[in-house]
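**Q** Below: one structure in structure tokens.
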Amino acid sequence: RERARLAPRRTAQPLSRTMGSGRDKKKKAKQRSHPEEVAKKESAAQKTARKELKKEAKKERRDEKKTKGGDDDIDALLAQMALEDKKRTAVSVEEGCAPPSPRCNASVTAVELSAKRHELVIFGGEHYDGKKCRVYQDLYRYHIEKGVWYKVTSPGGPAARSAHVAGAYKSHVFVFGGEFTSPNQERFHHYKDLWRLDLETNKWEQIQVRGAPSPRSGHRAIVHKGKMVIFGGFYDNGKTVKYHGDTTVLDMVDLKWTSVGEPTAGGSAPCPRSAAGLAVHGDTLLLYGGYSKSKAEDELDAETGTAHTDLWQLPLSTLRWERLKRQGMAPGSRAGFSMATHLRRAVLFGGVMDREAKGGEVLISEFYNELYQLQLESKRWFPLALRRAKGGGKGKVGDEQAQAEEEEEERRARDEELAERALRREAARKAKLTPEDRAATLIQSRYRGHAVRKAYKTYRLGGAVSELLYAPASGERPPKDAPRPRGRINAQLAVTGNTLWVYGGIVEIGDKEITLDDLWSLDLKRPSWTCHLEPTAAEAAWEYSGDEWETDSDGSLEDDERALREKGKK
């Protein structure tokens with residue numbers, strides 16, 4: 001009995017093998033006796049399948065029909081891009097590809113993947129070739145240490161856009177808003193979607209959470225402690241333009257929006273605008289400049305553009321704006337400048353200012369390539385003067401931190417000395433002008449921008465005046481052999497370590513709008529430019545003959561220059 005209790009119990013294996021066999025026999029018998037019911041059920045299933053196929057085909061025809069618009073049908077263009085995106089099935093990465101084509105209003109995001117790998121992530125942008133505007137959807141990654149470009153094609157990503165914002169947090173890049181422009185630049189579609197790019201897999205993900213800002217472009221954003229702060233922007237429906245003055249914060253960890261809202265009536269806050277410069281220091285957001293349009297008082301349908309020069313701060317703890325005084329040597333009024341933060345300062349580059357000539361009959365656009373810096377502790381402006389590139393070795397590894405601190409102190413002392421020197425120079429200039437100063441002042445008072453080069457022919461001046469004219473910010477002559485990028489607007493800026501990167505932008509030559517594709521870096525420890533990508537097709541537009549810079553017989557300006565008004569708002 002004990003052995004029988006310990007022995008394994010026998011299972012009804014023959015029974016389990018035959019379970020259900022009776023039901024199968026009954027089912028087969030029913031099928032033989034009632035074949036019409038079986039056929040009816042099969043017919044219903046086939047009918048349902050045919051309906052699904054027909055429905056899918058109808059949807060495909062409907063989507064295909066949406067793409068059958070004209071070249072300027074913005075809805076058809078968006079539908080066509082969505083249809084093409086559905087055809088992509090996998091992520092592809094092309095290593096060692098050609099650099100991006102000329103573009104502006106793209107996003108360039110600096111990311112640190114490791115101590116030995118830093119990248120620039122470029123997404124979107126637009127290019128106007130004089131006839132049509134093309135908006136891009138492509139994604140590029142630039143390996144800074146290797147100097148290698150990667151083109152990434154990923155399905156299910158954001159649609160083509162420009163004038164959006166992007167920010168990096170850990171191994172992700174976030175993209176919000178932007179606009180799509182029809183080829184004839186008459187219709188616009190503004191976005192309010194939020195996307196996240198995984199830099200490890202190169203896959204896009206749309207983040208659908210409530211509380212996002214309204215559709216817009218030309219807004220600005222800055223990342224601080226895992227949060228992306230977004231300010232301003234504009235919405236253009238083709239008839240009217242609305243500028244925004246609200247501030248919204250995205251928690252990049254919890255994926256939640258927090259709205260500060262529009263400024264209250266009568267309250268102290270920056271007016272609605274786009275293309276402002278943002279910086280952050282501690283827990284305080286700083287805002288400088290920007291662009292907006294308003295209706296002219298003398299004409300009902302006319303609008304006037306304003307390039308703002310005010311400076312504001314917003315403590316992120318109280319979220320109350322406070323206007324600051326302009327201190328130091330601040331940049332002049334300009335639109336389309338770019339700004340980036342480095343340590344305890346914000347660096348401003350580029351921009352444009354329209355000035356009148358010939359009694360207001362001609363507007364001349366002056367494009368800047370000068371640099372300014374805003375000290376975030378003292379809130380004072382200083383010009384950022386160029387230096388020759390420093391040679392020699394890097395020194396011992398143990399001394400790198402001490403060397404960096406020493407260079408930072410030298411830079412701050414040099415900036416203060418430069419500001420004092422500029423003030424002394426201005427006082428001396430008022431008291432007694434040198435011949436060079438008088439000539440430079442005369443040209444700057446009568447001519448602006450590219451017309452200055454025409455004035456050289458008229459006044460037969462030497463190179464010393466040329467250096468003064470093109471270095472008004474510093475008040476001193478930069479090194480003659482120092483390379484530097486051309487003046488431009490809407491350049492893309494990013495900072496990695498102690499290096500400022502500048503990519504692309506727009507410049508106007510006569511009646512031609514040239515989109516650039518050059519890439520520059522600026523050593524912020526000892527300011528000097530290095531060119532990594534020379535301009536390609538756009539460079540041909542700069543090849544002017546000497547005769548084209550001549551003035552008329554009476555010394556007046558030619559009527560071949562126009563204002564660049566609208567691009568600065570992005």
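The values are calculated or read from the model by the stated rules, or taken from the named source; none is laboratory data. If you're wondering where the values come from, they're calculated on a predicted model, not measured in any experiment. No Cβ is skipped: glycine too gets one built from the backbone with ideal geometry, and neighbour counts run over all protein chains shown.
**Q** Are any of the residues in region 115-133 surrounded by fewer than 14 Cβ atoms within 10 Å (Cβ to Cβ), at pLDDT 85 or above and in a strand (DSSP E or B)?
**A** Yes, because at least one residue in region 115-133 is surrounded by fewer than 14 Cβ atoms within 10 Å (Cβ to Cβ), at pLDDT 85 or above and in a strand (DSSP E or B).
**Q** Now for a separate question. Can you find even one residue in region 77-92 that is in contact with a Ser or Thr (Cβ under 8 Å, 6 or more places away or on another chain), of a type in the set (A, V, I, L, M) and over 19 Å from Thr181 (Cβ atoms)?
**A** yes
**Q** Further, regarding this structure: Take region 170-195 and flag every residue that is among the acidic types (Asp, Glu) and either under 30 Å from Ala115 (Cα atoms) or surrounded by 21 or more Cβ atoms within 10 Å (Cβ to Cβ) (or both).
**A** Selection gives Glu179 alone.
**Q** Starting from region 125-149, take each residue that is within 19 Å of Gly177 (Cβ to Cβ) and list its partners that are aromatic (Phe, Trp, Tyr), counting only C-beta distances under 6 angstrom and pairs at least six apart or across chains.
**A** Taking only residues 6 or more apart or on different chains, the pairs are Gly125/Tyr136; Val135/Phe180; Leu139/Phe123.
**Q** Here is a further query. Looking for something small (Gly, Ala, Ser), under 22 Å from Ala330 (Cα atoms) and modelled with pLDDT under 95 - is there at least one such residue anywhere in region 256-266?
**A** Looking through region 256-266, none of the residues is small (Gly, Ala, Ser), under 22 Å from Ala330 (Cα atoms) and modelled with pLDDT under 95.
**Q** Quick one: is Arg161 buried (at least 20 other Cβ atoms within 10 Å of the Cβ), among the basic types (Lys, Arg) and under 19 Å from the mean Cα position of the chain (by Cα)?
**A** yes
**Q** Name every residue in region 270-286 that is more than 19 Å from Ile489 (Cβ to Cβ), free of Cβ contacts under 8 Å to residues at least 60 places away in the same chain and buried (at least 20 other Cβ atoms within 10 Å of the Cβ), in order of residue number.
**A** Pro270
**Q** Inside region 217-237, can you point out the residues that are closer than 14 Å to Ser292 by Cα and not in a strand (DSSP E or B)?
**A** Gly218, His219, Gly232, Gly233
**Q** Something else: For residues that are more than 22 Å from the chain's Cα centre (by Cα) and either modelled with pLDDT under 90 or within 26 Å of Leu493 (Cα to Cα) (or both), tally how many sit in region 218-254.
**A** Looking only at that region, the number is 4.
**Q** Would you confirm whether any residue within region 196-210 is under 20 Å from Ala76 (Cβ atoms) and not small (Gly, Ala, Ser)?
**A** No, region 196-210 has no match at all.
**Q** So which residues in region 321-343 are surrounded by fewer than 16 Cβ atoms within 10 Å (Cβ to Cβ) and either touching a strand residue (DSSP E or B) at 6+ places or on another chain (Cβ under 8 Å) or more than 18 Å from Gly282 (Cα to Cα) (or both), if there are any at all?
**A** Glu322, Arg323, Leu324, Lys325, Arg326, Gln327, Gly332, Ser333
**Q** Could I ask something else about it? From the set of residues in region 87-135 that are over 25 Å from Tyr169 (Cα atoms) and of a type in the set (Ser, Thr, Tyr), which is farthest from the chain's Cα centre (by Cα)?
**A** Thr89
One line per residue, one yes/no per condition, for (1) surrounded by 22 or more Cβ atoms within 10 Å (Cβ to Cβ); (2) in a loop (DSSP other than H, G, I, E, B); (3) modelled with pLDDT of 85 or more; (4) touching a Gly at 6+ places or on another chain (Cβ under 8 Å):
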position	(1), (2), (3), (4)
Val495	no, no, yes, no
Gly504	yes, no, yes, yes
Leu516	yes, no, yes, yes
Leu522	yes, no, yes, no
Cys531	no, no, yes, no
Pro535	no, yes, yes, no
Ser553	no, yes, no, no
Ala563	no, yes, no, no
Gly568	yes, no, no, yes
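**Q** Additional query: Quick check on region 200-217: of everything there that is more than 19 Å from Met81 (Cβ to Cβ) and crowded, with 18+ Cβ neighbours inside 10 Å, which residue is nearest to the chain's Cα centre (by Cα)?
**A** Arg216
**Q** A follow-up question, please. Take region 94-114 and flag every residue that is among the charged types (D, E, K, R) and either part of a strand (DSSP E or B) or out of contact with any Asp or Glu (no Cβ under 8 Å at 6 or more places or on another chain) (or both).
**A** Glu94, Glu95, Glu112
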